[in-house]
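Step one of this worksheet: look at the structure below.
The values are calculated or read from the model by the stated rules, or taken from the named source; none is laboratory data. Quantities reported herein were computed from a predicted structural model and do not represent experimental measurements. Here the Cβ is made from the backbone with ideal geometry for all residues, glycine too, and neighbour counts use every protein chain on show. Note: areas computed on protein heavy atoms with side chains; ligands, DNA, RNA excluded. Shrake-Rupley method; radii C 1.70, N 1.55, O 1.52, S 1.80 Å.
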Amino acid sequence: VTKKVKMVNGEIVNAYIVSSEEIKPVVNKIVVRGGRQSYVIRGDGGWLWPTNRPYSISSRYGYRWGKLHSGVDILAGGRGAPIYAARAGEVYDINVNSSSGFYVILKHDNGYYTRYAHMRNTKGTDNLRGVSSATKYIKKGQRVEAHQLIWEVGSSGRSTGAHLHFEIWN
């Protein structure tokens, strides 16, 4: 696969596939039968990847431009792509601010929290007016299961393009 990548200040802000070449011939039979796939990111089996594949990390945790970037930015299918709960838990907060845009915090049974930011609202835009229009999938206080659909990728708040900003706190 050949990708065209746009970078600003050393960070990937856009990437798309330009061309691809088949390395292995197509098999005209069902090789694996199954449903939705989940991706474990820790060996204990409790944590799942919050987006579909393919994905790429456009910005890692750490200092950039003199400030701590407190999570990872995941490019995963563009605006409207699904975002899943990384672990079962409770919807602790749904809110909006000028930096993170629409965000949700999940409180997990193991004492950890996950935060998902820059999502789009239910009108399919990144307009920040009214947190009540933020999501059609979950509500504050609701119990969610691991890999349950909780939101859609957007570019709300201080964002350079559609992506998921994902954090895990203890």
*Please specify each residue of the stretch 64-93 satisfying the condition of being closer than 19 Å to Asn170 by Cα and β-branched (Val, Ile, Thr).*
Val72, Val91
*Filtered residue count, the stretch 105-126, keeping only those that are out of contact with any Leu (no Cβ under 9 Å at 6 or more places or on another chain), surrounded by 15 or more Cβ atoms within 10 Å (Cβ to Cβ) and within 16 Å of Gly157 (Cβ to Cβ)*: 3
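Report yes if some residue within the stretch 77-94 is of a type in the set (Lys, Arg) and touching a helix residue (DSSP H, G or I) at 6+ places or on another chain (Cβ under 8 Å); otherwise report no. It would help to see each step written out before you state the result.
Just the residues of the stretch 77-94 that are of a type in the set (Lys, Arg), to begin with: 79, 87.
With touching a helix residue (DSSP H, G or I) at 6+ places or on another chain (Cβ under 8 Å) added as a condition, the list becomes none.
Among the residues of the stretch 77-94, not one is of a type in the set (Lys, Arg) and touching a helix residue (DSSP H, G or I) at 6+ places or on another chain (Cβ under 8 Å), which makes the answer no.
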*Return the residue satisfying two criteria in turn: it lies in the stretch 132-149 and is surrounded by fewer than 15 Cβ atoms within 10 Å (Cβ to Cβ) and over 18 Å from Glu90 (Cβ atoms), and of such residues it is modelled with the lowest pLDDT.*
Ser132
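For the stretch 49-64, which residues satisfy the criterion of being polar (S, T, N, Q), within 12 Å of the chain's Cα centre (by Cα) and assigned to a strand (DSSP E or B)?
Filtering the stretch 49-64 down to residues polar (S, T, N, Q) leaves 51-52, 56, 58-59.
Checking the rest, the ones that are also within 12 Å of the chain's Cα centre (by Cα) come to 51-52, 56, 58.
Listed by number, the residues that qualify are Thr51, Ser56, Ser58.
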*Under 6 Å by Cβ, and 6 or more places apart or on different chains, what pairs join a residue from the stretch 129-157 that is more than 11 Å from Tyr103 (Cα to Cα) with one that is aromatic (Phe, Trp, Tyr) and at pLDDT below 90?*
Leu149/Tyr137
*Mind checking which pairs have a first residue in the stretch 110-121 that is in contact (Cβ under 8 Å) with a residue 12 or more places away in the chain and of a type in the set (Val, Ile, Thr) and a second that is part of a strand (DSSP E or B) and open to solvent by 30 Å² or more (accessible area, probe 1.4 Å), Cβ under 8 Å, 6 or more apart or different chains?*
Thr114/Ile168; Thr114/Trp169
*Of all the residues that make up the stretch 73-104, how many are of a type in the set (Val, Ile, Thr) and open to solvent by less than 20 Å² (accessible area, probe 1.4 Å)?*
4
